[in-house]
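Shown next, in structure tokens, is the structure this report addresses.
The values are calculated or read from the model by the stated rules, or taken from the named source; none is laboratory data. Being a predicted model, the structure only gives us computed values, none of them experimental. Methodologically, a virtual Cβ is constructed for each residue, glycine included, from the backbone with ideal geometry; neighbour enumeration extends over all protein chains shown. Ligands, DNA and RNA are stripped out before the accessible areas are found, and what is left, the full protein with its side chains, is counted by its heavy atoms. Shrake-Rupley method; radii C 1.70, N 1.55, O 1.52, S 1.80 Å.
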Amino acid sequence: MTPKAIFAGLTLLAAVAAPFLVGPYAQYILAMAAIYGFVGLGMYVLLGLGGQISLGHAAFWALGAYGSAVLTVRFGVPFPLAVIGGAVIAGVFGAIAAMPALRVQGHYLAIATLGLAIVVQQVLFQWDSVTGGRQGMLVPRPSLFGYEIDDDGHYYLIILACLLVAIWLVRNFQKSFLGISLKALRSSPIAAQAAGVGRAYHLIVAFVVSAALTGVSGAFYGALLGQLSTDSFTLLVSLDFLTMAVIGGLGSIGGALVGGIFYAVAPEILRDFQQAQQVIYGLLLIACMRLLPGGLASLPHAVATLFSSRRKSPPENNSSVELEKLSEVGK
Amino acid sequence: MTISRRTLLKGTAAGLALSLPALRPSYAASEGVSDTEIKIGAFMPLQGGLAAGAAQYRDGAASYFQWVNDQGGINGRKVNWIAQNDSYNPQQAVAVSRELVDREGVLAVVSTLGTATNMAALPYLKRRGIPLIAPLATDPALNTPKDRIVFPLSPSGSTHGTAMAKFVAENLKARKLAVFYQDDQFGKDILEGVKTYAKQNGLEIVATASYVPSDIDVSPQAQQLRQANPDAVINSAIPKQGALMLIEAEKMGWKTNVIATQQLGDDVAKRLAGSAINGLYLELYSAVTAMKTPAVEQAISILQKYAPKTPAGYWAFMGMAGAKAFAEGARAAGKNLTRESLMNGLESLKVLKTGLVPPLDYSAGHHSGPTDLGYGQWQDGEVKLVRNWQE
Amino acid sequence: MLEISGLFARYGGITALRDVSMTIPDGAVVALLGSNGAGKSTLLNSIMGSIEGVTEGSIRLNGEEVRGKKPTDLMHRGVAMAPEGRQIFSDLSIDENLRMGAYLRRDPDGIRSDRDRIFALFPRLEERHNQRAGTLSGGEQQMLAIGRALMSRPQLLLLDEPSLGLAPLFVTQIMRIVSDINAGGIAVVLVEQNARQALRVSTEGYVMERGTIRMSGRACDLSKDPSVTAAYLGGN
Ligand SMILES: Nc1ncnc2c1ncn2[C@@H]1O[C@H](COP(=O)(O)OP(=O)(O)OP(=O)(O)O)[C@@H](O)[C@H]1O
Ligand SMILES: [Mg+2]
């Protein structure tokens with residue numbers, strides 16, 4: 001057994017054992033971390049591989065949440081199918097969000113996602129016969145084969161299993177020809193298009209995959225919380241997702257997952273700071289961009305290089321590209 | 001691809017390490033009661049449009065608990081009441097409830113504020129068996145609940161309607177009624193109450209008119225109601241449209257008896273309606289300072305001592321009423337305080353009199369908010385008491 | 001192979017090409033010379049269909065009109081370009097870069113043999129085939145850019161200043177590689193600042209000036225022409 005395999009085994013063991021060692025609230029946080037893990041994967045596909053910034057991922061999250069909830073509540077669709085339904089709905093809207101890619105270049109696409117997010121939130125809010133509008137919408141507990149999953153610990157394990165599948169899929173995706181083409185487009189759009197890579201097609205694929213993953217997250221999220229209201233899917237959430245991705249690290253799937261864990265746990269650690277939380281996120285974001293461009297996921301490596309005289313090339317190779325893009329968006 | 005796997009694993013490990021301190025099982029099984037402390041909590045919109053009222057509501061409850069603690073607590077235990085913001089976001093109310101129950105391990109949720117938020121949190125609290133005591137909200141599920149865990153504070157919509165109709169019929173000899181109501185469940189419940197009373201007592205509803213909260217002109221509604229020439233108008237609107245209706249009537253020179261809910265009983269309503277507010281009757285389901293009862297005097301002095309900046313009025317009295325209801329119930333539960341014994345304690349009181357809201361019916365199998373309300377009238381810019389509720 | 005006549009190109013108000021005509025025979029190496037801003041890149045981009053402005057006139061590839069077609073269409077018809085400034089995929093490995101060059105091809109065996117051929121041409125790339133392209137030296141990156149263009153197995157290869165910023169030794173090497181490529185039957189259009197070296201490996205040459213063709217002829221003739229010598233070959 002290689003050290004890597006041992007490490008992988010231990011990590012998985014810890015992730016599986018965790019809910020049995022802690023109380024209900026921590027189980028809830030674990031479930032949230034796994035749920036955000038899906039968003040992290042989605043951000044990785046779009047931003048890490050595709051180099052595209054979205055200011056509208058809260059909308060895909062909302063669509064997954066509301067979509068699956070409406071499917072279960074109104075149409076009696078079983079929970080697992082409703083989750084898939086939520087992913088499909090979010091994915092379709094991902095394609096719609098990317099449609100401007102057929103016409104516009106660069107950051108206009110990010111602005112377009114922002115527009116879509118605002119429209120989606122407004123429609124969900126106004127369409128109160130379906131979504132409950134201001135009152136919000138009750139979501140039943142998740143159930144599997146007729147059994148209600150009452151315990152958040154068990155629910156977490158189910159989400160974790162799905163997350164592992166998603167990780168496996170995203171790993172294959174990034175190694176696939178499609179994934180390489182997407183990276184090529186990000187790396188040099190001109191040359192990639194000259195090579196015959198269709199920009200619009202690939203960006204649409206990236207958006208669809210990313211939105212669908214985020215939709216799955218939303219579906220799990222709604223069922224965990226038991227209640228949805230449109231106030232929880234604002235621009236601020238979209239920005240938080242971006243922050244989470246950068247802090248975790250854009251360069252790898254590991255970074256995406258760390259980002260998810262960070263986003264779930266940070267509010268608990270920063271609880272006492274209350275309103276200052278957003279400020280702290282902001283500072284952390286800047287600190288990450290300046291000092292740790294590979295995100296938290298590169299922290300072990302950064303520490304290792306600090307203590308070893310031998311200089312290695314950093315494993316997170318492409319984050320700086322995205323960080324540049326991110327800072328351009330601010331302009 | 002070796003790199004990505006390695007960072008993946010490192011990442012997960014780092015994340016887990018990071019999260020461990022937050023994952024300790026805390027109160028999970030303890031029901032929030034130690035030898036010295038009773039932990040309870042609440043959610044309310046401390047940010048957003050309702051923030052001003054919510055802050056007074058919180059101060060009312062908090063100052064009462066402080067007073068109780070200074071008196072030696074409840075059966076020797078101090079009350080630790082954790083009030084958290086939900087921004088009037090139902091989803092956040094659920095998240096706060098989870099935190100209170102699973103993280104803080106509270107005994108009960110006490111003195112919450114908001115209909116949508118309470119409705120959202122209810123299924124979760126029910127599932128976990130957490131008593132919800134004194135939610136300030138208007139919905140049958142919270143005012144005349146089916147769930148044992150709910151101990152109401154305020155009257156149901158139909159009670160408001162019945163109480164207002166009853167007053168104009170009995171005290172003002174009105175036979176023909178007109179109703180102005182909000183076009184949603186809140187307004188329709190009140191209208192139902194009026195209709196029920198009218199039917200039972202042979203009154204006639206000669207006109208109804210509705211509005212939506214975004215309306216800025218209610219003159220057509222005022223015209224419509226006036227044409228029916230009612231003996232009394234039941235104005236069940238929220239302060240903005242309620243005040244607009246009063247102003248329209250004054251402009252038209254239409255003098256008639258009008259009764260409104262207590263929502264039109266505070267300074268905000270007075271500012272909105274100006275002189276048009278004088279003569280307006282109010283149903284009262286919360287104390288007003290004009291009630292010179294010992295309970296009200298005590299409430300005012302507690303507020304003065306512990307929250308001197310908070311005005312004595314609807315919000316503070318409502319918050320305090322919930323706190324008082326909890327304290328009474330916990331005291332009755334005795335030394336062995338659990339969620340179960342707390343609910344038994346509250347039910348053992350059967351009728352709970354706080355003096356700050358009309359008597360609450362907490363008898364086993366039948367929890368309900370107040371049914372017999374008080375009445376007041378705006379005179380010279382002040383609410384005067386016409387008739388107190390039956391204690 | 002390629003027949004350009006009466007070609008105009010405009011970027012908004014700027015006319016970058018004015019009535020350009022040019023012939024590229026099968027298997028030729030055509031040097032395209034001219035000072036900065038003369039319109040050389042514009043001409044290559046017009047051929048490739050990757051121009052950002054609008055074009056007018058005619059570009060015929062083996063008799064078929066291709067002006068206004070998309071880069072992929074040109075690639076399908078056997079034209080490939082190594083654009084100015086290399087434009088390699090710095091986040092991808094060298095292998096992946098080459099794979100991207102063969103993006104439109106669906107013959108795995110052919111792709112593999114072409115990859116081996118390119119590695120034979122550029123042994124430096126083979127040694128580093130798993131390395132991230134961004135870590136290559138400038139010259140190596142240029143080799144990769146050419147190699148990637150070759151991966152589409154073109155009949156006509158457009159090279160836009162392949163020696164830009166390279167040390168003299170590298171420039172010579174690149175020129176030798178151009179000859180090698182051409183020896184395999186591929187026609188090459190070579191845009192170069194380094195006119196002397198370019199003309200040495202070319203069969204014909206064109207000199208551009210402010211969007212028009214100033215002069216054209218056999219490469220050996222051009223390198224002897226006094227005006228060309230004066231303007232581009234540094235006198236004598
Ligand atoms: N995308 C563009 N938009 C507007 N003008 C452009 C664009 N590309 C080129 N031009 C203009 O067209 C003219 C010709 O440019 P081109 O790049 O073809 O020159 P060049 O001969 O390749 O020069 P160099 O040797 O410096 O690469 C220049 O004046 C340039 O400013
Ligand atoms: Mg050029």
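Hey, among B:Lys324, B:Lys384, which residue is more than 25 Å from B:Ala42 (Cβ to Cβ) and basic (Lys, Arg)? Going through B:Lys324, B:Lys384 in turn, the sole match is B:Lys384.
Looking only at the stretch B:117-134, which residues are farther than 21 Å from B:Gly345 by Cβ and surrounded by fewer than 23 Cβ atoms within 10 Å (Cβ to Cβ)?
B:Met119, B:Pro123, B:Tyr124, B:Arg127 - these are the residues of the stretch B:117-134 that are farther than 21 Å from B:Gly345 by Cβ and surrounded by fewer than 23 Cβ atoms within 10 Å (Cβ to Cβ).
Yes or no: C:Ala183 closer than 22 Å to C:Met48 by Cβ and either surrounded by fewer than 19 Cβ atoms within 10 Å (Cβ to Cβ) or not aromatic (Phe, Trp, Tyr) (or both)? No, not satisfied.
Check B:Val150 against each of (1) within 19 Å of B:Pro358 (Cα to Cα); (2) in contact with a Phe, Trp or Tyr (Cβ under 9 Å, 6 or more places away or on another chain) and name the one condition it does not meet. The one condition B:Val150 does not meet is (2). For the stretch C:8-34, filtered to residues that are touching an Asp or Glu at 6+ places or on another chain (Cβ under 7 Å) and more than 7 Å from ligand 1 (Cβ to nearest atom), the residue that is nearest to C:Arg67 (Cα to Cα) is C:Phe8. The criterion of at least 3 residues that are aromatic (Phe, Trp, Tyr) and away from chain B (no Cβ under 12 Å) is met by the following helices (runs of 4 or more DSSP H) wholly inside the stretch A:150-267: A:199-225. For the stretch B:222-254, the tally of residues that are open to solvent by less than 20 Å² (accessible area, probe 1.4 Å), more than 17 Å from B:Glu283 (Cβ to Cβ) and outside any helix (DSSP H, G or I) stands at 1. From the list C:Arg176, C:Arg196, which residue is within 16 Å of the chain's Cα centre (by Cα) and modelled with pLDDT under 90? Only one candidate qualifies: C:Arg176. Residue count for the stretch C:27-55, restricted to those that are touching a Gly at 6+ places or on another chain (Cβ under 8 Å) and over 20 Å from C:Ala231 (Cβ atoms): 4. In the stretch C:154-171, what residues are surrounded by fewer than 18 Cβ atoms within 10 Å (Cβ to Cβ) and either in a helix (DSSP H, G or I) or within 14 Å of another protein chain (Cβ to nearest Cβ) (or both)? Across the stretch C:154-171, the qualifying residues are C:Pro168, C:Leu169.
The set of residues in the stretch B:347-388 that are among the hydrophobic types (A, V, I, L, M, F, W, C), buried (at least 20 other Cβ atoms within 10 Å of the Cβ) and farther than 30 Å from B:Ala273 by Cβ comprises B:Leu352, B:Leu360. Identification of strands (runs of 3 or more DSSP E) wholly contained in the stretch B:273-391 with 1 or more residues that are at positive phi yields no element.
Out of curiosity, is B:Gly60 closer than 30 Å to B:Gln304 by Cβ and within 19 Å of the chain's Cα centre (by Cα)? For B:Gly60, the condition - closer than 30 Å to B:Gln304 by Cβ and within 19 Å of the chain's Cα centre (by Cα) - is met.
For C:Leu144, the stated conditions hold: it is under 28 Å from C:Asn36 (Cβ atoms), crowded, with 23+ Cβ neighbours inside 10 Å and away from ligand 2 (no atom under 16 Å from the Cβ). Quick one: in the stretch C:9-36, of everything that is under 17 Å from the mean Cα position of the chain (by Cα) and open to solvent by 40 Å² or more (accessible area, probe 1.4 Å), which residue is nearest to C:Asp225 (Cα to Cα)? Of everything passing the filter in the stretch C:9-36, C:Ser35 is nearest to C:Asp225 (Cα to Cα). Filter the stretch B:255-311 for residues that are in contact with an Asp or Glu (Cβ under 8 Å, 6 or more places away or on another chain) and more than 27 Å from B:Pro135 (Cβ to Cβ); which is least open to solvent (accessible area, probe 1.4 Å)? Once the filter is applied, the top-ranked residue is B:Ala276. Please verify whether A:Gly48 is within 11 Å of chain B (Cβ to nearest Cβ), among the small types (Gly, Ala, Ser), part of a helix (DSSP H, G or I) and surrounded by fewer than 24 Cβ atoms within 10 Å (Cβ to Cβ), treating the condition exactly as stated. Judged against the criteria, A:Gly48 is not a match. Taking the stretch C:43-78 as the range and being touching a residue at least 60 places away in the same chain (Cβ under 8 Å), away from chain A (no Cβ under 14 Å) and within 16 Å of ligand 1 (Cβ to nearest atom) as the test, only C:Leu43 passes. Taking the conditions (1) open to solvent by less than 50 Å² (accessible area, probe 1.4 Å); (2) more than 16 Å from ligand 1 (Cβ to nearest atom); (3) within 12 Å of chain A (Cβ to nearest Cβ) in turn, C:Ile94 satisfies each one other than (3). Look at (1) under 22 Å from A:Thr113 (Cα atoms); (2) open to solvent by 60 Å² or more (accessible area, probe 1.4 Å); (3) modelled with pLDDT of 80 or more; (4) not acidic (Asp, Glu) and you find that A:Ile286 fails only one, number (1).
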